Amino acid sequence: MSTIDMAQTPLRQVNETLQAQALAGANAEYTLDNPRGAHAVAVGLNGPLSVRVNGSTGYYCGGMNKEATITVTGSAGPGVAENMMSGTVVIEGDASQYAGATGHGGLLVIKGNASSRCGISMKGIDIVVHGNIGHMSAFMAQKGNLVVLGDAGDALGDSLYEARLFVRGSVKSLGADCIEKEMRPEHLTLLADLLAKAGADAKPEEFRRYGSARKLYNFNIDHAGEY
Amino acid sequence: MCGIVGLFLKKDDMRPQLGTLLSDMLITMTDRGPDSAGVAIYGAETPGQVKITIQSDTPDVAYDGLVTAMATEIGVTPDLRRVDTHAVLTVAEADEPAARDWVMARGLRIMGAGHAMEIYKEVGLPADVTERFGLRAMGGSHGIGHTRMATESAVTTDGAHPFSTADDQCLVHNGSLSNHNQMRRKLARQGVHTTSENDTEVGAAYISARIAGGDSLGEALEGTLRDLDGFFTFVTGTRNGFGVVRDPIACKPAVMAETDDYVAFASEYRAFADLPGIEGARVWEPEPATVYFWER
């Protein structure tokens, strides 16, 4: 276990150290103290590494993560785990807007609330939010799973492709082309697995599933007059 | 992009620290706005007296003999406290309109006025601007600040925030308003005039006009959601407190922190890092289209 004090070490040096250790692939453990809301903490980790950030981070923490496990004990600013490929990012506090945006894989767990645009354009990432999510979440989401134990804000899943959305609480409104769908046995199994991985105390049967009505996929000749 | 900060102290014994805490918050937001910086500080009040903060590009000339000239010409003798390019003129409440007219006729800019509020803003890096004005040494009950990256109007003192359009009221803004010209004309027809081409000044004037028309601060801020088009995170200062509102899209960042000692607002969490007791503070992101305000 190594500790880096970010009050003493420049951000670039912190990230270079972590990136080199991730590439070395020895699954080393690092603790970062005093992040003080810094941007781009622990980004671009391209291999197995365990990073614990003691405090709150700014923009883009854990961005482009691959294989590493990153835990933030405080809250995360906008764009946490943006474009994550694999690995795990856990935020013990809240996450600001567009958490997990464009993520291709891996697991993002937010133990508090996520703000607007959570999982926007997600492409295969799994996101589990223990609290609520804000408006326009999963906008144009293509693939992956968004699980919300609390409530969802306005326009959930607007212009959705094939991502699956599971919400336990209320949904303020659904976005264009997003509809409620039946919960089949395979969804309950999937949800049980995601909830277990995310350490979430909830039962799969308590959730509702939402997905794409697939009406926006193709141009509809009946709408030609509207253009 | 711009940076905005606000700090509202719940306990009087922290008042001497306000300027230092606000300076550090403002300087941390330099990356978001290196063009200009400004603050509104709500400091000590003297019963029956109003403070008018003025600015001149040639302060040595402008403030030399100003007190004598004002006394001779309109019979008002202000107390003048010069702060770099700014000066705070303290006059009796009844003399405020005459003093303002006289100052403007002399070609000086009025940054703001009020019983408690003083406004300091200039072009330059936040660290330089706070140093020039000696912000660290200023005490008060609450204050708001802004670091500017200009989009809607030129980088000038007039374009810097906060904007004040009524006594003890001011506004800082991150974002851009798209219907400000239309709203400026609408306000002008109601007799509410702005002095710059800046979009935020229109937002400030809108809020002031609503309050002058009988609205509470909360109602005036609710009105911005209906009548102003564009992107905004607004922080408004009043004699008693401050308010926060974000547009429904809420793409401009905002974070708040509250302890037993203070309520703080910033564009980013970074600005809170040096606040005392921040480790134990309740930290949250204000909801879109929701008005928050704190008053003493």
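General observations
- Which listed residue is crowded, with 21+ Cβ neighbours inside 10 Å and within 19 Å of residue A:103 (Cα to Cα), from A:144, A:153: A:144
- Residue within segment B:64-79 that is within 18 Å of the chain's Cα centre (by Cα) and either crowded, with 17+ Cβ neighbours inside 10 Å or β-branched (Val, Ile, Thr) (or both) present: no
- Top-ranked residue of segment A:210-225 - restricted to ones that are in a loop (DSSP other than H, G, I, E, B) and in contact with an Asp or Glu (Cβ under 6 Å, 6 or more places away or on another chain), ranked as surrounded by the fewest Cβ atoms within 10 Å (Cβ to Cβ): A:215
- Within segment B:216-257, tally of residues that are away from every other protein chain (no Cβ under 12 Å) and surrounded by fewer than 16 Cβ atoms within 10 Å (Cβ to Cβ): 6
- Subset of segment A:4-55 [at positive phi and in contact with a Phe, Trp or Tyr (Cβ under 7 Å, 6 or more places away or on another chain)]: A:37, A:40
- Entry remark, segment A:146-166: residues being under 17 Å from residue A:111 (Cβ atoms) and either touching an Asp or Glu at 6+ places or on another chain (Cβ under 9 Å) or part of a loop (DSSP other than H, G, I, E, B) (or both) number 5 in total.
- Residue B:20 meets all of the listed conditions (1) surrounded by fewer than 19 Cβ atoms within 10 Å (Cβ to Cβ); (2) in contact with a strand residue (DSSP E or B) (Cβ under 7 Å, 6 or more places away or on another chain); (3) of a type in the set (Val, Ile, Thr); (4) not in a loop (DSSP other than H, G, I, E, B) but one, namely (2).
- Listing of strands (runs of 3 or more DSSP E) fully contained in segment A:13-78 that carry 2 or more residues being farther than 19 Å from residue A:113 by Cα: A:29-33, A:50-54
Condition check ((1) within 11 Å of the chain's Cα centre (by Cα); (2) within 9 Å of chain B (Cβ to nearest Cβ); (3) surrounded by fewer than 24 Cβ atoms within 10 Å (Cβ to Cβ)) across all residues:
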position	(1), (2), (3)
A:55	no, yes, yes
A:63	yes, no, yes
A:68	no, no, no
A:71	no, no, yes
A:75	no, yes, no
A:79	yes, no, no
A:84	yes, no, no
A:90	yes, no, yes
A:97	yes, yes, no
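- Any hit, segment A:165-188, residues being of a type outside the set (A, V, I, L, M, F, W, C) and under 14 Å from the mean Cα position of the chain (by Cα): no
- Residue A:200 being within 27 Å of residue A:71 (Cα to Cα) and out of contact with any Leu (no Cβ under 9 Å at 6 or more places or on another chain): no
Where a number appears in this text, it was derived from the coordinates with a stated rule and is not lab data. Remember, predicted model here, so these are calculated numbers, not experimental data. For neighbour counting, all protein chains shown are included, and Cβ atoms are generated from backbone atoms with ideal geometry for every residue, glycine included.
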